[in-house]
Amino acid sequence: MKSLERNDERVLASDIFEGEKVERMRVDLGTVKEAARDVPVYAKCDVLVVGGGPSGTAAAVAAARAGADVILLERYNHLGGLSTGGLVIWIDRMTDWDGKLVMRGFCEEVLDRLPRDAIAGPAREEWGSRDSARSGYWSHRTASYHGVVTWSPTIDPERLKLLSQDMVLEAGARLAFHSWAALPMVENGVVTGAFFETKAGRQAVLAKVVVDATGDGDMFARAGGAFETDIFKDDVHHCMNTAWLFGGVDMNRWIEFKTARPEEHADFMKRGREVVKLFERPFVSWRNDITVFMGPRQTGFSGLDLDDQTAVEIRSHRLMAEHLDFYRKHAPGFENAFMMVSASQLGVRHTRRLLGVASITRAQWPGAQVFADEVAITPAVSPKFPNISIPYGSLLPRSLDGLVACGRHVSCDANSHGFMREIPQCWVTGQAAGVGAALAARSGVAPRDVDIGELQRVLIKQGVHLRSAELAPAGETPVAALSN
């Protein structure tokens, strides 16, 4: 086990547990030949969004609102991805260190539209507060870091599923649940659609532009786009787990125990590691009687390996029961806890990252660089750094056309991936990808050739906060020239 502390490189202090996976001898069993077949075309559209997680939901809504005919393929029975099915119900920071809401647009709208009893976090007037009492209070409720109160609420995942679905349908996009995209269709280096599997068999969607919102870069990787897989070992960004919820708890009592009896709490955590081994702490949720466990975070596994995925699922479900037994016996506020639900989606944080026209890197953090093709802004990991500019080029493959990427696999280095994989960052890159795809489809050009000024104007009209719109000259401005 490796324990991490908060510093200027990361916000979340957490434990990383070694995978201890069993290496299996994989015998080469050869191959079989699949017969050629004619695949029925399910639909044609302007923009095909593959994956209905946070980025794909935002992309579908943004593209439809920009006038595109949109189809959204999703392999599960709901939208929201890890923010719903993965029970990542703690939405990371959307305000900067001065309390300004810099992640806006779809992500602001979706949280504003949640019912009041489906979201919990500090009031707007507290954002940016450095008052020790308020910061101390919210530090135990996912909303204060480095002594600053932030807008990083917890949400009801079922409400977010329903709202995400409603927003997609309201925008006029077409939803296709239970549809697992298998392979992109590629002609002369241009992605023209995708094959997908359903209970009725394989079908196809033809599209002018495809948005890869799979989270793992499935579409751009299988289409021949370049990517990288290196990790930053001293961060949780590459770990895997299945999250779960316990009901019947009293989180106010638990927090009082942590804060008023720190020595007993430290002893409790020590005993938990001795008994359970892979031992995780609880976090608050949108209700006092429900808690979420976002781990234990396990390293050494691949989210692209079937056996690794299976091993993490098996271990995580066993750990859920072991945690319940230990917390019931020893933790104040957990005497009546019960297993409420485990995540239907495996918590994969990292597999592939696009090698894009531009990239977000650690070297960028201190310099306050504003890309001329900025399509979103993310808060920095520490008050030591200014806000970070997200360029449109980070969503574009270097050579592959007809495709835009968004979500946790956008082009960035391993260090920056620690925050670029978070839910709000997926929302904002998804919105940018959706608008870029819609404009490309409408103009009949490659996504890399859209007018950056027009792209930024549409994003601003959709509520996105940008600083660089005035930097983009009018007319057809190649994104490659702006991103360098």
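Quick one: is VAL148 over 22 Å from the mean Cα position of the chain (by Cα), touching a residue at least 12 places away in the same chain (Cβ under 8 Å) and open to solvent by less than 10 Å² (accessible area, probe 1.4 Å)?
yes
Is it fair to say VAL39 is modelled with pLDDT under 90, part of a loop (DSSP other than H, G, I, E, B) and open to solvent by 10 Å² or more (accessible area, probe 1.4 Å)?
No; evaluated as a whole, the condition is false for this residue.
Restricting to region 266-299, name every residue that is assigned to a loop (DSSP other than H, G, I, E, B) and open to solvent by less than 50 Å² (accessible area, probe 1.4 Å).
At the first step, the residues of region 266-299 found to be assigned to a loop (DSSP other than H, G, I, E, B) are 276-282, 285-289, 294-296.
Residues satisfying the conditions are VAL276, LEU278, PHE279, GLU280, PRO282, SER285, TRP286, MET294, GLY295, PRO296.
Only one of ALA363, ALA368, ALA372, ALA376 is among the aliphatic types (A, V, I, L, M) and open to solvent by less than 10 Å² (accessible area, probe 1.4 Å); which?
Every option except ALA376 fails the conditions.
Which of (1) within 19 Å of the chain's Cα centre (by Cα); (2) farther than 26 Å from VAL148 by Cβ; (3) open to solvent by less than 10 Å² (accessible area, probe 1.4 Å) does PRO397 not meet, given it meets every other one?
(1)
So which residues in region 130-145 are buried (at least 19 other Cβ atoms within 10 Å of the Cβ) and farther than 19 Å from ILE290 by Cβ, if there are any at all? Give the steps one after another, and end with the answer.
Within region 130-145, the subset buried (at least 19 other Cβ atoms within 10 Å of the Cβ) is 135, 138, 141-145.
Within region 130-145, SER135, SER144, TYR145 qualify.
Considering only region 300-319, state which residues are acidic (Asp, Glu) and part of a helix (DSSP H, G or I). Steps first, please.
Let us first name the residues in region 300-319 that are acidic (Asp, Glu), namely 305, 307-308, 313.
Selection gives ASP307, ASP308, GLU313.
Which of the residues belonging to region 248-265 are among the hydrophobic types (A, V, I, L, M, F, W, C) and either in contact with a Cys (Cβ under 9 Å, 6 or more places away or on another chain) or surrounded by 13 or more Cβ atoms within 10 Å (Cβ to Cβ) (or both)?
VAL249, MET251, TRP254, ILE255, PHE257
Residue by residue, here is whether (1) touching a strand residue (DSSP E or B) at 6+ places or on another chain (Cβ under 8 Å); (2) crowded, with 24+ Cβ neighbours inside 10 Å; (3) of a type outside the set (Asp, Glu); (4) within 21 Å of GLU109 (Cα to Cα) holds:
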{"residue": "ILE423", "(1), (2), (3), (4)": "no, yes, yes, yes"}
{"residue": "CYS426", "(1), (2), (3), (4)": "no, yes, yes, yes"}
{"residue": "THR429", "(1), (2), (3), (4)": "yes, yes, yes, yes"}
{"residue": "ALA432", "(1), (2), (3), (4)": "yes, yes, yes, yes"}
{"residue": "ARG442", "(1), (2), (3), (4)": "yes, no, yes, no"}
{"residue": "VAL445", "(1), (2), (3), (4)": "no, no, yes, no"}
{"residue": "VAL450", "(1), (2), (3), (4)": "no, yes, yes, no"}
{"residue": "GLN456", "(1), (2), (3), (4)": "yes, yes, yes, yes"}
{"residue": "LEU459", "(1), (2), (3), (4)": "yes, yes, yes, yes"}
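If I ask for residues that are crowded, with 24+ Cβ neighbours inside 10 Å and in a helix (DSSP H, G or I), which ones from region 48-74 would you list?
Matches in region 48-74: PRO54, SER55, GLY56, THR57, ALA58, ALA59, ALA60, VAL61, ALA62, ALA63, ALA64.
So if I check each of ASP218, ASP212, which one is buried (at least 22 other Cβ atoms within 10 Å of the Cβ), acidic (Asp, Glu) and more than 30 Å from LEU278 (Cβ to Cβ)?
Answer to the selection: ASP212.
If I filter region 378-424 down to residues being part of a loop (DSSP other than H, G, I, E, B) and of a type in the set (A, V, I, L, M, F, W, C), which single residue comes out as farthest from SER164 (Cα to Cα)?
Across region 378-424, the extreme among qualifying residues is PHE385.
Any residue at all in region 304-319 that's hydrophobic (A, V, I, L, M, F, W, C), under 19 Å from the mean Cα position of the chain (by Cα) and surrounded by fewer than 16 Cβ atoms within 10 Å (Cβ to Cβ)?
The answer is yes; a qualifying residue exists.
So if I check each of LEU163, LEU111, LEU82, LEU183, which one is among the hydrophobic types (A, V, I, L, M, F, W, C), outside any loop (DSSP other than H, G, I, E, B) and in contact with a strand residue (DSSP E or B) (Cβ under 6 Å, 6 or more places away or on another chain)?
LEU183
Residues are listed down the side, and each one gets a yes or a no for (1) farther than 28 Å from GLY295 by Cβ; (2) open to solvent by 10 Å² or more (accessible area, probe 1.4 Å):
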{"position": "TYR76", "(1), (2)": "no, yes"}
{"position": "GLY80", "(1), (2)": "no, no"}
{"position": "SER83", "(1), (2)": "no, no"}
{"position": "ILE91", "(1), (2)": "no, no"}
{"position": "LYS100", "(1), (2)": "yes, yes"}
{"position": "ARG104", "(1), (2)": "yes, yes"}
{"position": "LEU114", "(1), (2)": "no, no"}
{"position": "ILE119", "(1), (2)": "no, yes"}
{"position": "ALA123", "(1), (2)": "yes, yes"}
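Answer yes if at least one residue in region 187-201 is in contact with a Gly (Cβ under 7 Å, 6 or more places away or on another chain), in a strand (DSSP E or B) and open to solvent by less than 10 Å² (accessible area, probe 1.4 Å), and no otherwise.
yes
Just the residues that are part of a loop (DSSP other than H, G, I, E, B) and open to solvent by less than 10 Å² (accessible area, probe 1.4 Å), please, taken from region 221-247.
Result: GLY225, CYS239, THR242, ALA243.
The rows are residues; the columns are (1) touching a helix residue (DSSP H, G or I) at 6+ places or on another chain (Cβ under 8 Å); (2) at negative phi.
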residue: GLU264; (1), (2): yes, yes
residue: ARG273; (1), (2): no, yes
residue: ASP289; (1), (2): yes, yes
residue: GLY300; (1), (2): no, no
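The values are calculated or read from the model by the stated rules, or taken from the named source; none is laboratory data. All figures in this text were calculated on a predicted structure; none of them were measured in a lab. Here Cβ is always computed from backbone atoms with ideal geometry, including for glycine, and neighbour counts include all displayed protein chains. Remember, those area values only see protein heavy atoms, side chains included, never the ligands or the DNA or RNA. Shrake-Rupley method; radii C 1.70, N 1.55, O 1.52, S 1.80 Å.
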